[in-house]
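A.B. asks: Structure below; questions to follow.
Bear in mind that the values in this text are calculations on the coordinates, not laboratory data. Because the structure is predicted, anything quoted here is derived from the model rather than measured. Please note: Cβ atoms are built from the backbone with ideal geometry, for glycine as well, and neighbour counts cover all protein chains shown.
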């Protein structure tokens, strides 16, 4: 929207405040709120923030940063804030002199999208974010005992999910479907595919909407990857495709899997570099409690069509629907920073295209049922098994430094190294229960 249209909307809808959104390096939503009367200055000149207080942002001596709103992201928030109507604008972070800030996650994604655009490519994404409803934020007591696709007519979680769907649609976010997931109190709302930057904006909005609707209805929604032992964790299976001149260049009707040579190069790139970027798509210690064999967790480096034990799945394409041809990368979880996750997946795929990497044969057998000898014979490896292992792979990766820049790369390694050190010195309930009675 142009500035005049935004100003008219603010006046017509009696918007009292505008929330300026951005994320820290981990994807946590941050905001600075300004009154409706100040929005002219903000649209013209931006809004200063203290970057030294933001996770992974500036040092004290370079703390002044500027939020520059992307006016196309203006949206009226569909909630009642005690009688105050609010809107939001999603922002990029820059230095006061106008230079892009190198640790701004949104800018990182824009950089790699610009690199793809020079080759004529536009990236489309369609993530499936799973989440849990619990009674409150202090426990993991489920609200139902439902399973996959269950219809629970009187279930509070299902009512909340449908209310959330309506709220998302009301704010302009198109959704494809919604359903109960495999685990108790686990749900999913699938987002209709969009261009990658718009989709990353929608993901942070989606998470805000899901949690706010739950809060306003006296419950708690979490995107924690593995909150419950013994059941499935929450993933963010991400569907991807590349278009050129409005044509899906992943599609080839003559191929068995309808995959073009470029699509196979792209998949091969992700397969080669997924160890390098796993720390970005699965960035918490808890992420690796989900990435274990079983529970539909995609830990094995393989690809196939119907094989949901493989890391990459190729969804079937209906005749005449070549635009729907895509790959599905199944490892990410919904706690990731979507800007950085999309950036590293695209960067790895583009590297595969540039280097014309060869894709091995598809695996359609259930990998969970294979013994180690057969997996070794077929060259099937696994994703990192811990945040420490993923951080080591990320730290050593030249490609990740190239995609994210040295500054952000170092900050992420430092952040995750500290998290791992804090975790490994913490005495858990598991250790007390297992060792105290016998040692």
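A.B. asks: If I model a spin label at residue 64 and residue 439 as a point 7 Å from the Cα along the Cα→Cβ vector, what separation in nanometres do I get?
C.D. replies: Placing both labels 7 Å along Cα→Cβ, they lie 5.4 nm apart.
A.B. asks: Assuming a ≥ b ≥ c are the square roots of the Cα gyration tensor eigenvalues, decide whether segment 267-356 counts as rounded (a/c under 1.5), prolate (otherwise, with a/b larger than b/c) or oblate.
C.D. replies: Oblate, because a/c is 1.5 or more while a/b does not exceed b/c.
A.B. asks: Pull out the extension gain between residue 37 and residue 261, defined as 0.36 nm times the separation in residues minus the alpha carbon to alpha carbon distance; nm, one decimal.
C.D. replies: Fully extending the segment from residue 37 to residue 261 adds 75.2 nm.
A.B. asks: Which log10 I(q)/I(0) values does segment 110-406 give at q = 0.09, 0.10, 0.14 Å⁻¹ under the Debye formula, counting every alpha carbon as one identical point scatterer?
C.D. replies: With one equal scatterer per Cα and no solvent, log10 I(q)/I(0) is -0.43, -0.53, -1.06.
A.B. asks: Once a ≥ b ≥ c are taken as the square roots of the eigenvalues of the Cα gyration tensor of segment 74-123, is the result rounded (a/c under 1.5), prolate (a/b larger than b/c) or oblate (a/b not larger than b/c)?
C.D. replies: oblate
A.B. asks: Going by how many other Cβ atoms sit within 10 Å of their own, how do 158, 19, 35 line up, fewest first?
C.D. replies: Taking fewest neighbouring Cβ atoms as first place, the list is 35, 19, 158.
A.B. asks: Another question about this same structure. Can you give the extra length, in nm with one decimal, that the chain gains between residue 396 and residue 366 once fully stretched, where that is 0.36 nm per residue apart less the Cα-Cα distance?
C.D. replies: 7.6 nm
A.B. asks: So how do 103, 386 line up by other beta-carbon neighbours within 10 Å, fewest first?
C.D. replies: With the sparsest Cβ surroundings first, the list reads 386, 103.
A.B. asks: Only helical DSSP H runs with n ≥ 4 go in: add -39500 (n - 2.57) per run for the chain, normalise by residue count and round the 222 nm mean residue ellipticity to 500 deg cm²/dmol.
C.D. replies: That comes out to -11000 deg cm²/dmol.
A.B. asks: Oh, and also: Let me have the relative contact order for segment 182-245, percent, based on Cα pairs under 8 Å that are six or more residues apart.
C.D. replies: Relative contact order, segment 182-245: 29 percent.
A.B. asks: Taking 0.36 nm per intervening residue step and subtracting the Cα-Cα distance, what contour gain separates residue 253 from residue 145 on full extension?
C.D. replies: Difference between extended and current length: 34.6 nm.
A.B. asks: Can you give the direction-averaged projected area of the convex hull of the alpha-carbon atoms in segment 1-56, in nm²?
C.D. replies: Value for segment 1-56: 4.4 nm².
A.B. asks: Over segment 284-326, what per residue volume does the convex hull of the Cα atoms give, in whole Å³?
C.D. replies: 84
A.B. asks: Just grab the label-to-label distance for residue 381 and residue 406, each label 7 Å out from Cα along the Cβ direction, in nm (one decimal).
C.D. replies: Label-label distance for residue 381 and residue 406, simple model: 2.7 nm.
A.B. asks: List the extent of the Cα atoms of segment 3-101 along each of their three principal axes, largest first, rounded to whole Å.
C.D. replies: The principal-axis extents, from largest down, are 42, 26, 19 Å.
A.B. asks: Return a whole-number percent for the relative contact order of the chain, with Cα pairs under 8 Å and 6 or more residues apart as the contact set.
C.D. replies: 14
A.B. asks: Take the chain, connect every pair of alpha-carbon atoms lying under 10 Å apart with a spring to form a Gaussian network, then pick out the residue of 132, 48, 223 with the largest mean-square fluctuation.
C.D. replies: 48
A.B. asks: Taking the alpha-carbon set of segment 91-248, what are its Rg and Dmax in Å?
C.D. replies: Just the Cα atoms of segment 91-248 yield Rg and Dmax of 17.9, 57 Å.
A.B. asks: Then there is this: To make sure I understand, if each residue's beta carbon is the centre and we count other beta carbons within 10 Å, what order do 428, 33, 212 fall in, fewest to most?
C.D. replies: Taking fewest neighbouring Cβ atoms as first place, the list is 428, 33, 212.
A.B. asks: Something else about it: Give the percent of DSSP beta bridges with both residues in the chain that are antiparallel, rounded to the nearest 5.
C.D. replies: 85
A.B. asks: Which whole-number percentage describes the relative contact order of segment 343-439, with Cα contacts under 8 Å and a sequence gap of 6 or more?
C.D. replies: Relative contact order comes out at 29 percent.
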